[in-house]
Amino acid sequence: MAQAHRPTGTDSGTRSPATTPATQRNRLLRLGTASVAAAAMTATVALYMTLVAFGNITDFGTNQQFVQHVLSMDTTFKDPDLMWRAVESPALQNAAYVAIIVWETLAATVLLAATWFWITGLRRDTYDRARAASTVGLVMVLLLFGVGFFAIGGEWFAMWQSSDWNGLDAAARNIALAAFTLLVVHLPGLRRTGPEQI
């Protein structure tokens with residue numbers, strides 16, 4: 001009776017389900033889809049922040065008035081228990097506005113760099129730098145609109161009381177966009193733990 005020939009060498013003749021070509025293709029497809037989504041979302045926020053910073057620099061006066069009215073609290077209910085918080089010094093108001101523009105510019109620069117890292121990472125299948133830069137830029141956006149506009153402007157300077165100079169709705173949209181993008185950037189599918197693991 002003839003004996004069955006047993007495979008020799010490094011290929012035993014069987015593949016584990018985790019390393020079959022079809023499984024690897026599916027993983028690469030998921031990785032590619034997730035990374036493209038992260039790149040697109042990061043690019044969207046980068047473009048938005050670039051336009052915001054550019055607008056504030058080239059049209060300095062419009063949002064300067066916004067910051068001045070918020071800090072001076074002149075369109076709030078003018079509750080005596082709150083009005084002591086008002087900042088009426090034009091120098092301090094302008095300093096705050098310039099600080100906002102600088103922060104916006106830095107966030108835009110970091111996010112533009114992150115977008116470039118995503119683009120180059122798509123070719124090289126490496127996303128660590130892109131994810132790190134995106135995280136820094138998006139957290140900067142969250143701090144600007146969450147801490148700066150929502151907490152300090154909205155609550156400390158009672159911006160919610162103003163019908164004319166109220167940026168809370170816009171801040172909420174920006175927070176939602178940055179937070180959603182941060183979630184996409186950190187999708188589990190973008191994490192690699194080994195040369196064949198995705």
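For residues that are open to solvent by less than 40 Å² (accessible area, probe 1.4 Å), at negative phi and in contact (Cβ under 8 Å) with a residue 60 or more places away in the chain, tally how many sit in the range 42-74.
So the count comes out to 8.
Looking at (1) surrounded by 14 or more Cβ atoms within 10 Å (Cβ to Cβ); (2) at pLDDT 95 or above, which is the only condition A37 fails?
(2)
Somewhere in the range 14-33, is a residue part of a helix (DSSP H, G or I), open to solvent by less than 60 Å² (accessible area, probe 1.4 Å) and modelled with pLDDT of 95 or more?
No, the range 14-33 contains no residue that is part of a helix (DSSP H, G or I), open to solvent by less than 60 Å² (accessible area, probe 1.4 Å) and modelled with pLDDT of 95 or more.
How many residues, within the range 89-140, are under 23 Å from T33 (Cα atoms) and over 15 Å from the mean Cα position of the chain (by Cα)?
Looking only at that region, the number is 10.
Rundown of residues vs (1) surrounded by 19 or more Cβ atoms within 10 Å (Cβ to Cβ); (2) within 16 Å of L51 (Cα to Cα); (3) touching a Ser or Thr at 6+ places or on another chain (Cβ under 8 Å), yes/no style:
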position: R85; (1), (2), (3): no, no, no
position: T109; (1), (2), (3): no, yes, no
position: A132; (1), (2), (3): no, no, no
position: V141; (1), (2), (3): yes, yes, no
position: F149; (1), (2), (3): yes, no, no
position: I152; (1), (2), (3): no, no, no
position: W156; (1), (2), (3): no, no, no
position: A170; (1), (2), (3): no, yes, no
position: N174; (1), (2), (3): yes, yes, no
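Mind checking which pairs have a first residue in the range 120-132 that is acidic (D, E) and a second that is part of a helix (DSSP H, G or I), Cβ under 8 Å, 6 or more apart or different chains?
D125/L31
The values are calculated or read from the model by the stated rules, or taken from the named source; none is laboratory data. A quick note: this is a predicted structure, and the numbers were derived from the prediction, not measured. Heads up, the Cβs are rebuilt from the backbone with ideal geometry, glycines too, and the neighbour counts pull from every protein chain shown. When the accessible area is computed, the model is the full protein with side chains, heavy atoms only, and any ligands, DNA or RNA have been set aside. Shrake-Rupley method; radii C 1.70, N 1.55, O 1.52, S 1.80 Å.
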